[in-house]
Each structure stands twice: as C-alpha cells, then as structure tokens.
Amino acid sequence: MPAGAKRFMRMKEIDGYTRTCGLIGNPVEHTLSPVIHNTLAGLTDQKLCYVPLKVEAERLEEAVKGAYALNLLGANVTVPYKSDVIPFLKEIDPLAEEIGAVNTLVRTEGGYKGYNTDMPGLYRAMRSDGVRVEGEKVLVLGAGGVARAVAVLLARYGAEEIILMNRTPEKAQRIADEINTMTKTAIARAMGYEDYELLPKQDRCLAIQATSVGMYPDCGDVVIAEEAFYRRIHTGYDLIFNPKKTRFMELVEQSGGRAFNGAKMLLYQGIIAYELWSGLSISEEMADQVFAAMEEA
Ligand code: NAP
C-alpha cells in the first residue's frame with residue numbers, strides 16, 4: 001500500500017473517542033517519539049494519537065495548564081524543559097524527584113503527575129542487551145543532566161563503584177558528592193579524562209558514554225581517543241543513537257569490548273511512558289516491532 005494511503009487509513013481511525021498525547025519541547029521537529037507512540041497505539045488497538053507540541057520557554061506553565069484543560073491524556077517532556085516543568089505538576093514520582101528531571105506527564109485528578117522514564121528505559125534497554133549493572137564498576141563519561149540521572153540509576157541498581165569523568169571535573173565531583181550523600185556511602189568518585197591511566201589495568205569496566213560528543217554531524221569525535229583507555233572497558237554503552245555506530249563504540253569494539261548505542265533507551269523510555277498512559281504491558285515482540293518502525297523512520 002502506498003505511504004499516502006496508509007496515512008489516510010490511520011487518519012480515518014481518529015474519531016471523537018481518540019485521546020491525545022504529545023511531546024512538549026523545543027525543538028521537537030526531529031523527534032522519533034510520534035513513531036514510537038503511534039506505532040504502539042496501532043499495535044495495541046488503542047484510540048490514541050501522539051503529536052509534537054513545540055513550546056516557547058516563557059509559555060511552559062501555560063502549555064502544561066492548557067494541555068490539562070484540553071483533556072490531553074499525557075505528554076512527554078524533552079530538552080530544555082525536563083527540570084523546568086516540575087513546578088507546574090500536581091505530583092511527582094519519587095524516582096523523578098531524586099533525579100530532578102521529568103520526561104513523562106500522566107493525567108491525574110486535578111493535574112499531571114511527573115515521572116522519569118529515561119532511566120528505567122536505560123535499565124530495561126541494558127537488560128535487553130544483556131548488560132548488567134549489579135556489582136559492576138562503572139565509568140560514566142559526562143556530568144550533564146543525563147549523566148547525573150545515570151549515576152542515580154547505577155546507585156539504585158547496585159553498581160559496586162561509580163566513576164564520573166568529565167571535561168569540567170568539578171561538575172563530576174558535584175554529582176559524586178550528591179550520590180554519596182544520597183546513598184550515605186562512598187560509592188561515587190570523580191576524575192578528569194586525562195586521569196584514566198590511574199584506573200587499574202586488570203579489571204575491565206562497563207562504561208556509559210553520556211556526553212553529547214560524537215553526535216551527528218560530528219560523528220568522528222570522542223572524549224578520549226587513546227586506545228589504552230578502551231583496553232580497560234569490557235562493555236561500552238553510548239547514549240547517542242545518531243549515528244548508529246559512534247566513534248566511541250568503534251574504539252570499544254577495536255579493543256575487544258561489546259558496544260551498544262542509545263536507540264533502545266529511547267525505545268524503552270517511550271514504552272514505559274505508553275504503559276503509564278494506557279495501563280497496558282508491552283511485550284518484547286511488540287517492542288521489536290516498534291524498534292523496526294524507528295529504524296525505518
Ligand atoms: P548536557 O547536560 O548538555 O551535558 C553535556 C555533557 O557533554 C557534559 O558532560 C559536557 O561536558 C559534555 N560535552 C559537551 N561538549 C563537549 C566537548 N566538546 N568536549 C568534552 N565534553 C563535552 O546534556 P545531557 O542532557 O546530559 O545529554 C547528553 C547526551 O545524552 C545527549 O547529547 C544525547 O545524545 C544523550 N541522550 C540520549 C537519550 C536517549 O534516549 N538515548 C536521552 C537523553 C539524552 P562539560 O560539563 O565539561 O560541559
């Protein structure tokens with residue numbers, strides 16, 4: 001069937017019972033979230049339609065209140081509003097509060113409840129790829145919003161040690177201090193990229209690449225280029241998904257490690273949000289179908 005006919009068939013399914021969800025952010029034009037949620041709605045036979053909702057910074061409160069007034073079932077929230085949206089919610093899930101970022105709004109009586117599905121999404125993606133966190137010594141590259149959330153996840157899911165590395169080491173140290181205070185342990189520490197030689201050579205680590213370096217169009221970039229660093233890594237998980245194989249992933253593989261990109265994290269953060277909105281549980285078979293639709297898009 002031609003793409004135009006398929007689109008027409010889908011449009012015909014929208015009727016007076018259709019519920020709307022959307023993505024609040026700016027920019028929103030390049031998002032894959034509509035592919036994820038509209039495919040899920042089709043696979044699960046739900047009357048649900050997902051659209052991008054571009055919002056200017058000074059109108060975020062109005063946008064959240066307006067979405068509620070317009071009876072939107074829920075929304076995702078993306079850059080740059082994941083923290084800024086919190087004051088406009090009725091309630092916040094404890095994990096999202098701990099992470100300090102909300103990427104999913106779920107309609108409740110009197111307002112939206114905020115969740116963070118990015119981190120459970122990353123955990124589910126890693127499990128689906130056979131990557132364990134429990135008992136692991138983990139290197140986190142980066143100290144931005146996502147790296148902080150990753151560190152919270154690692155502490156929650158039983159990593160043995162968390163080493164945060166960043167271009168600006170003070171930011172990595174701040175996160176390490178927060179994690180240690182939160183967990184009342186000394187599980188986290190910080191170092192600069194140039195200090196990787198201080199890491200023991202004999203035990204290889206899981207490394208999570210949580211910087212924006214290496215993202216399209218700067219595909220050849222990487223925060224550490226030395227081969228000696230990659231010999232210390234058994235698994236490299238890059239949160240970037242465009243390009244599909246980053247330079248970081250190539251370097252991990254060249255040193256004999258396994259490497260994964262961030263596409264499955266994106267998939268599972270969407271699936272968990274959809275499960276919250278619909279009350280359904282999405283099977284791995286359906287997850288595979290959505291992943292195929294994302295790859296096609
Ligand atoms: P952020 O808060 O802006 O942090 C950016 C990080 O990258 C910081 O650690 C920053 O170091 C580092 N960085 C940027 N440019 C650099 C350079 N030229 N050299 C060295 N380090 C540099 O961003 P974020 O929100 O944490 O997001 C980070 C990445 O996560 C995104 O780019 C995206 O690819 C990925 N992500 C993936 C998903 C998914 O579903 N797969 C979801 C969300 C995010 P400084 O602190 O020194 O500036």
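Centre-to-centre separation between the Cα atoms of segment 225-297 and those of segment 32-55: 21 Å. Only helices enter the 222 nm calculation for the chain: every DSSP H run of n ≥ 4 contributes -39,500 (n - 2.57), and dividing by all residues gives -11500 deg cm²/dmol, rounded to 500.
Hey, with R₀ at 30 Å, roughly what FRET efficiency would residue 168 and residue 58 work out to, going by the Cβ-Cβ distance, to 0.05?
Values: r = 29 Å, r/R0 = 0.96.
Once rounded, the FRET efficiency stands at 0.55.
For the set 296, 136, 29, solvent exposure ranked by accessible area (probe 1.4 Å, protein chains only) runs largest to smallest as 296, 29, 136. Report the residue, chosen from 198, 32, 276, that carries the largest GNM mean-square fluctuation when the chain is represented by alpha-carbon nodes joined by springs under 10 Å. Highest fluctuation of the listed residues: 198.
By accessible area of protein heavy atoms, probe 1.4 Å, what ranking do 117, 78 get, highest first?
Values: 117 0, 78 35 Å².
My answer, sorted largest first, is 78, 117.
What is the angle, in °, between the Cα long axis of helix 60-69 and the longest principal axis of the Cα atoms in the chain? Nearest 10 is fine, range 0 to 90. That helix lies at roughly 40 degrees to the long axis. Here the accessible area of the chain is 52 percent carbon and sulfur, with a 1.4 angstrom probe and all protein chains present. Report, to the nearest 10°, how far helix 3-12 tilts away from the longest principal axis of the Cα atoms in the chain, using its own Cα long axis and a range of 0 to 90°. The helix 3-12 is inclined about 60 degrees to the chain.
For segment 148-201, report the accessible area per residue in Å² (1.4 Å probe, heavy atoms, rounded to an integer). Intermediate results must be reported in sequence, preceding the final value.
Details: 2870 Å² over 54 residues.
On a per-residue basis, segment 148-201 sits at 53 Å².
GNM on the chain, C-alpha springs below 10 Å: top fluctuator among 49, 21, 219? For the chain, modelled as a Gaussian network with Cα springs under 10 Å, the answer is 219.
The values are calculated or read from the model by the stated rules, or taken from the named source; none is laboratory data. Being a predicted model, the structure only gives us computed values, none of them experimental. When we count neighbours, we look across all protein chains shown, and the Cβ atoms used for this are built from the backbone with ideal geometry, even at glycine. SASA here: full protein model, heavy atoms, side chains in, ligands and nucleic acids out. Shrake-Rupley method; radii C 1.70, N 1.55, O 1.52, S 1.80 Å.
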